[in-house]
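What follows is a set of notes on a single structure, which appears directly below.
The values are calculated or read from the model by the stated rules, or taken from the named source; none is laboratory data. What you see is a predicted model, and the numbers here were worked out from it, not measured in a lab. Heads up, the Cβs are rebuilt from the backbone with ideal geometry, glycines too, and the neighbour counts pull from every protein chain shown. To get the accessible areas, we keep the full protein, side chains included, count just its heavy atoms, and leave off ligands, DNA and RNA. Shrake-Rupley method; radii C 1.70, N 1.55, O 1.52, S 1.80 Å.
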Amino acid sequence: AQPLYVKVALSVVDPEGAEKNLETELPGWDFDKVRKDARQAWNQYLSKIDITTSDKEDKTIFYTALYHTGISPNLFSDADGRYLGMDLEVHQGDTVNPVYTVFSLWDTYRAAHPLYTLVQPERVPDFINSMLAIYEQQGRLPVWHLYGSDTNEMIGIQSVPVIADAILKNMKGFNYE
């Protein structure tokens, strides 16, 4: 039997965006290389915090939780920088500063976002700039941003303490004003 190889790419903008994303993110057909690269990237991320315990279950719980902090917020802009805005219009961002989505802020502003400033400081300005773009498009900061829309499912604006925390930690790369 011959192996069947399938590649999938997504874009919230258009099929051409998905095709460009695929060409950019996964140009070849070397499955073993993709698996090796993914394992290496996750091991690098998970090794940012080293815990010492003899309890294997505690260690599994900790690293599973840390893994979850690496899968959200999600990259929302295409490889060419385009993304679907809150106004349902296609916006042209840049390729250096990607746009993110899935800001479950009610659930994450207390611990996950402060942790991001420690283990993913390079992504925090992009998270905040994404929130500021949402502000520009809908007239307020996100409540619970989900794939180009705000679910408005929670009370309050928890993006405020996320931004304030980054400012207090003197993080650069976004407009403090």
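Couple of notes before you dig in:
- Contact annotation: residue pairs with Cβ atoms under 6 Å, 6 or more positions apart or on different chains, pairing a residue in region 1-26 that is part of a loop (DSSP other than H, G, I, E, B) with a partner that is open to solvent by 100 Å² or more (accessible area, probe 1.4 Å), are Y5/W29.
- Residue match in region 55-73 (condition: open to solvent by 30 Å² or more (accessible area, probe 1.4 Å), more than 17 Å from A112 (Cβ to Cβ) and part of a loop (DSSP other than H, G, I, E, B)): yes
- Among the residues of region 142-170, those that are open to solvent by 20 Å² or more (accessible area, probe 1.4 Å), of a type outside the set (K, R) and modelled with pLDDT of 95 or more comprise V160, P161, I163, A164, D165, I167, L168, N170.
- Number of the condition not met by V34 [criteria: (1) modelled with pLDDT under 95; (2) part of a helix (DSSP H, G or I); (3) open to solvent by 80 Å² or more (accessible area, probe 1.4 Å)]: (3)
- Residue within region 82-100 that is of a type in the set (A, V, I, L, M), in a strand (DSSP E or B), at negative phi and open to solvent by 60 Å² or more (accessible area, probe 1.4 Å) present: yes
- Per the listing I134, I128, the residue uniquely farther than 30 Å from I49 by Cα, of a type in the set (V, I, T), surrounded by 13 or more Cβ atoms within 10 Å (Cβ to Cβ) and in contact (Cβ under 8 Å) with a residue 12 or more places away in the chain is I134.
- For I49, the criteria (1) in contact (Cβ under 8 Å) with a residue 40 or more places away in the chain; (2) of a type outside the set (F, W, Y); (3) open to solvent by 100 Å² or more (accessible area, probe 1.4 Å) hold in every case but one, which is (3).
- Index of the failed condition, E122 passing every other in (1) charged (D, E, K, R); (2) over 15 Å from the mean Cα position of the chain (by Cα); (3) not in a helix (DSSP H, G or I): (2)
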